[in-house]
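Bear in mind that the values in this text are calculations on the coordinates, not laboratory data. The structure presented is a predicted model; accordingly, all values stated were derived computationally and were not measured. Methodologically, a virtual Cβ is constructed for each residue, glycine included, from the backbone with ideal geometry; neighbour enumeration extends over all protein chains shown.
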Amino acid sequence: MNSDSNIRFGPMLRYEFLPSDFNPMFLFIGDSRDLAGLAELLRKFARQPNEVSLVRNLPAVHPQTIVSLLPADPEFGMRPNREEFAWYLNAWQAEQIAERIDRLADEAERSGSEIFEIGSDGEIPVKVSRGEFTDDFLVSRR
């Protein structure tokens, strides 16, 4: 068996902050496998709500923006956190978001998206999308 058998070619999870004066958004894009991995990471966080770095825990195209899951207290939702972003969630919220992402990741679905907002003032909406963007969208040309 080739030692490179776990190397993945093709689409991978991509995510970036999309600034806007009127509708800033944090966008996650991936295929079924990518989104299933994101849902599983949210479930892991729900079981043990400690800081989780997405870049260290998910195979992804190297994002320009660093994101971590953090236990919500007292803030909720996606927010800037110094030079990075933090998605503040409690265990219940993380589990509910994971379930909705699972529906997007279902092989029977060809495309779709979900927007996640906790309802906290000042949070940045998070959009998770499958099949709505080209494979190179959000991939920086460095």
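Observations, loosely collected:
- Separation in nanometres of the label points that stand 7 Å from Cα toward Cβ, at residue 20 and residue 99: 2.9 nm
- Anisotropy class of region 26-104 from Cα gyration tensor, a/c 1.5 cut: oblate
- Summed side-chain charge close to residue 92 - residues other than residue 92 whose Cβ falls under 14 Å, Lys, Arg +1, Asp, Glu -1: 0
- Residues 118, 29 arranged by fewest to most Cβ contacts within 10 Å: 118, 29
- Counted charge near residue 76, where neighbours are those whose Cβ lies closer than 10 Å (Asp, Glu -1; Lys, Arg +1): -4
- Local net charge near residue 110, Cβ-Cβ under 11 Å (Lys/Arg +1, Asp/Glu -1): -4
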